[in-house]
Each structure stands twice: as structure tokens, then as C-alpha cells.
Amino acid sequence: MRTYLVTGGAGFIGSNYIHYMFHKYDNEIRIINVDALTYAGNLSNLRSLSHRENYLFLKADICDKKTIARIFEEHEIDRVVHFAAETHVDRSIDDPEIFVKTNVLGTAVLLNCAKAAWEFPDGSFQEGKKFLHVSTDEVYGSLEEEDGFFYETSPYAPHSPYSACKAASDMLVKSYIDTYQFPANITNCSNNYGPYQFPEKLIPLMIHNALHGKKLPVYGDGKNVRDWLYVEDHAKALDLVQEHGRIGESYNIGGHNERKNIEIVETIIDTLIEMLPEADPRKKLVSRELITYVKDRKGHDRRYAIAPDKIKKDVGWEPETTFEEGIKRTIAWYFENEEWLKEVTSGDYQQYYERMYKGK
Ligand code: NAD
Ligand code: TYD
């Protein structure tokens, strides 16, 4: 039975990936989820898996060399799927250091431990071992409206501390591929949305605020463009890349689904109004009047857009979920999981919100 070490599996994409993998492979695989459970990690995302004998959760920090090395010693790891990171651009602008630590040093520790566990004395690697580094399209910087798309050959030009640290971690993985022929792939994905996303990111923040009749803070002119992908499509792409991707290659993942932020916010409002039953008191709270233009994010990247040609050609992946369908599924999930939303927005979240949006 193949064993996966998933890092950051209690976060948004990691938990969706774990659900996807068990749904697809059931008892054919074993997953060990290593997560430090920062504010962004939530074990309730994975509650339904606690009965599984082929699932193990270990609370650990990926920067903790000793613990990570011990995990590789105690378990025969075949695949690493590395999600763990600090991921919010606004937080990185506010306090970059933890981004350097987790995203760069943490990746270095993981690479080193995997290499030590998988390498033969002659420098070759055990058959079938693979390391997948999950990264972002933000490493390529920003596009203008008239520019084309990001390709795997586009130069790295990160702007925010978050994307700079992700770029550094990608470069480290590349250096292991080039120097040691380390069996790794890198994926650079566009903005994800879907269930279990922490409400500091655009889509869940807008859903949460609208349902509470709170202002919807749109940065700048609201015309920045992101290329949105439903998270389950991302999970599928990651599995296909690990199964069929060419070792050492990078793959861009995205959906030709470019939208301006203001369009996203308006779609959320309209869809909420459409989906909420007449008798639901929240229906009266949701309206376009909640939209509030606020001070722009510093260094705000204008546009991201992915050309997913290579991943289609090499592994046959294409996005399957239309935005109209994905946003409905996402909103339905937040309706059904009000307790989850309450849980993650209690405590520190209130202070975070006050601090980040006070001056805007
Ligand atoms: P997230 O913030 O929801 O989750 C991150 C997880 O990592 C959390 O469970 C957290 O507890 C864990 N973590 C943080 N620091 C850790 C540490 N030091 N040791 C162990 N665990 C730690 O993030 P996400 O949105 O699920 O993103 C996952 C990965 O995908 C990240 O590497 C991110 O850069 C990449 N990515 C995200 C998007 C997106 O739209 N969200 C798009 C492209 C790429
Ligand atoms: P975000 O979800 O933080 O993802 P990223 O910055 O990694 O792309 O933001 C998506 C877009 O939405 C980005 O252009 C910033 C904008 N945004 C707002 O306008 N208001 C908000 O409150 C947030 C969180 C983001």
C-alpha cells in the first residue's frame, strides 16, 4: 500500500485533497497528515476520516527537523504532497517573517528529510518515490489586461512577501531537481475557491460578511483579475501530475476563468439572494449596497491568468467545474456548515479583522 505524507492537510486545499484522495483510492492508499494547526488549520475539516485505519494525523511543524526526520524514519513514505505554508498575502504584507520561516525553511527541511530517506549511497533514488511541491501562479508576478498568460517558461517576478517566499521555495525544489535529480514536481496553481476556505480570502470573506449584513470591502477599483479554480479540480490535477507528470517538470494549473473582483462580489450577492429561502432572516441583510470600496492593498498585483496547455497535453487534465456551478456549491457548503464558520471566526479572527480592515 502506497503511503502519502501530506503537509498542511488541515488547511483549505490540503483537506479537500485528502477527501478527494480517499474518495478515489479508498483503502488502496495510506495518508499521514502533518500539520502544525496554525490559525488556518482546522481538524474538523477531516472529522469524517477519524475512523479510518489508513489515515493518521500528526501535529508537527515542518520547520522542526528532528520531528520531520523521525516521521520519515518511522514510516515508509512513498509520496510527499507539500501544501503547508503561510498563505495570505495581506498577512505577509503585515508580518513577512513567519512566511520566510514556514514557506522557505519548512520546505528546505522537508526536502532534506525526503532526500535522506529516499537516496541510495550512490546518489540515485529509490524507485517510485515522488515529491510534489504545491505552489502558486503568484510567483510569476502580475499581468496587464493586454498581456497574455503565465506559462511554465514565464520568468519568476514575485511582488508580495508571500509570493517571494513561495518563489524561493520553488527555486529550492528546482535546485534539488537539478543538483541531485531529486524526483520532484512543482505545480503553480491559480486562485482556488470551495469548501473549508478560511474567511480571510476574498470569496469566503464576502459570503460570511454578506450573510451578516456587514460591509463588503473591495480593494482599490475592484478591477483586479484572478483566474478562479474550484478546489476539487485542483485536487484532481495534483493527483494526475503525481501519477503521470514527467519528473522534474513544473505544471501550471488554472481554468481560463478570469474574473474581476467586483464581478465575483456581485455574483456572490446575487447567488446568495437567489439561494436563500424567503423565510430566512438573512435574506433581508444581503444587498449590493454592502459593497464598499476601500484602500487598495500595497503592491496589489493587477491580473493573474494561467495557460494550462502543458498539463492538458502531458496528463490530460482540464478544469471541469464551471464558475457558476462551483460558486453555488461553495455557497451551499457555507450554508450547511454555519457551525464551522462560527468556530473559525471566533477568537483571534475578530482581532485580525479589526486590525486589517480598520485603516481601510
Ligand atoms: P491554508 O492557509 O488554508 O492552509 C495551510 C495549512 O498549513 C494549515 O492547515 C496550517 O495549519 C498549515 N501550516 C502552516 N504552517 C505550518 C507549519 N510550519 N508546519 C506545518 N503545517 C503548517 O492554505 P491553502 O489555501 O490550503 O494553500 C495550500 C498550499 O497551496 C499553499 O502552499 C499555497 O501556497 C498553495 N496555493 C494556494 C492557493 C489558494 O488559492 N488558496 C492557490 C495556489 C497555491
Ligand atoms: P485573496 O483571496 O487574498 O487572494 P490573492 O491575493 O492571493 O489573489 O484576494 C483575491 C483578490 O481579492 C485580490 O485581488 C485582493 C482582493 N480582495 C478584496 O478586494 N477584498 C478583500 O477583503 C480581500 C481579502 C481580497
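The values are calculated or read from the model by the stated rules, or taken from the named source; none is laboratory data. All of these numbers come straight from a predicted model, not from anything done at the bench. Ideal geometry is used to build each Cβ from the backbone, glycine not excepted, and the neighbour counts take in all protein chains shown. Ligands, DNA and RNA are excluded from the accessible area calculation, which covers all protein heavy atoms including side chains. Shrake-Rupley method; radii C 1.70, N 1.55, O 1.52, S 1.80 Å.
If L290, L172 are ordered by their accessible area, calculated over protein heavy atoms with a 1.4 Å probe, which sequence runs from highest to lowest?
L172, L290
In the chain, the calculated helix contribution to ellipticity at 222 nm averages -12000 deg cm²/dmol per residue, counting -39,500 (n - 2.57) for every DSSP H run with n ≥ 4. With R₀ set to 30 Å, the beta-carbon distance separating E324 from K24 gives a calculated FRET efficiency near 0.75. Which shape class, rounded, prolate or oblate, goes with region 265-360 when its Cα gyration tensor gives a ≥ b ≥ c as root eigenvalues, a/c under 1.5 marks rounded, and past that a/b bigger than b/c marks prolate? Oblate, because a/c is 1.5 or more while a/b does not exceed b/c.
Note: relative contact order over region 27-161, using C-alpha pairs below 8 Å and six or more positions apart, is 24 percent.
Contact order for region 140-224, expressed relative to its length and based on alpha carbon pairs under 8 Å spaced 6+ residues apart, stands at 13 percent. Please list, or write none, the aspartates and glutamates whose alpha carbon is within less than 13 Å of the alpha carbon of K66, excluding same-chain residues fewer than 8 places away. Output for K66: E74. Given the C-alpha centroids of region 109-128 and region 154-218, what is the distance between them in whole angstrom? Cα centroid of region 109-128 versus Cα centroid of region 154-218: 27 Å apart. Rolled with a 1.4 Å probe across the full set of protein chains, the surface gives D94 an accessible area near 80 Å². For region 75-153, the carbon plus sulfur part of the accessible surface works out to 50%, probe radius 1.4 Å. The distance between label points at K65 and N337 comes to 3.7 nm (points 7 Å beyond Cα on the Cα→Cβ vector).
Contact order for the chain, expressed relative to its length and based on alpha carbon pairs under 8 Å spaced 6+ residues apart, stands at 17 percent. Legend: residue pairs K284/K328; K215/K298; K298/K358; K215/K342; K59/K214; K236/K298, Cα-Cα distance threshold 27 Å; pairs beyond threshold, K59/K214; K236/K298.
Label separation (N112 vs H256): 4.4 nm, computed from points 7 Å beyond Cα along the C-beta direction. The heavy atoms of T321 present about 20 square angstrom of accessible area, all protein chains included, probe 1.4 Å. Take the Cα of D178, step 7 Å toward its Cβ, do the same at E146, and the gap between the two points is 3.4 nm. Residue ranking by accessible heavy-atom surface, 1.4 Å probe, largest first, among I262, I203 comes out as I262, I203.
When H208, H23, H159 are compared by accessible area of protein heavy atoms, the largest-first order is H23, H159, H208, using a 1.4 Å probe.
In the context of the full set of protein chains, the chain has a per residue accessible area of 44 Å² (1.4 Å probe). Compute a Gaussian network model of the chain, connecting alpha carbons closer than 10 Å, and tell me which residue from A167, A108, A279 fluctuates the most. Answer for the Gaussian network model of the chain: A279. Counting heavy atoms of the protein chains alone, C113 has an accessible area of about 10 Å² for a 1.4 Å probe.
The GluC sites (Glu not before Pro) of region 135-240 meeting both criteria, a DSSP state outside H, G, I, E and B (loop) and at most 12 other C-beta atoms within 10 angstrom of the site's C-beta, are E144, E145, E146.
In whole angstrom, how long is each semi-axis of the equivalent ellipsoid of the chain, when you take the square root of 5 times every eigenvalue of its Cα gyration tensor and sort them from largest down?
Largest first, the chain gives 34, 23, 19 Å.
Under the 0.36 nm per residue contour assumption, what length would be gained going from the current alpha-carbon distance of K215 and E278 to full extension?
Numbers: separation 63, 0.36 × 63 = 22.68 nm, distance 2.19 nm.
Stretched out fully, the K215 to E278 stretch lengthens by 20.5 nm.
Restricting region 13-117 to trypsin sites (Lys or Arg not before Pro) that sit in a DSSP loop and have at most 14 other Cβ atoms within 10 Å of their own Cβ leaves R52. Taking the DSSP beta bridges with both ends in the chain, the antiparallel portion is around 10 percent. Projecting the Cα positions of F149, L58, W228 onto the charge dipole of the chain (unit charges on Cβ atoms of Lys, Arg, Asp and Glu, taken about the Cα centre) puts L58 furthest along the positive direction.
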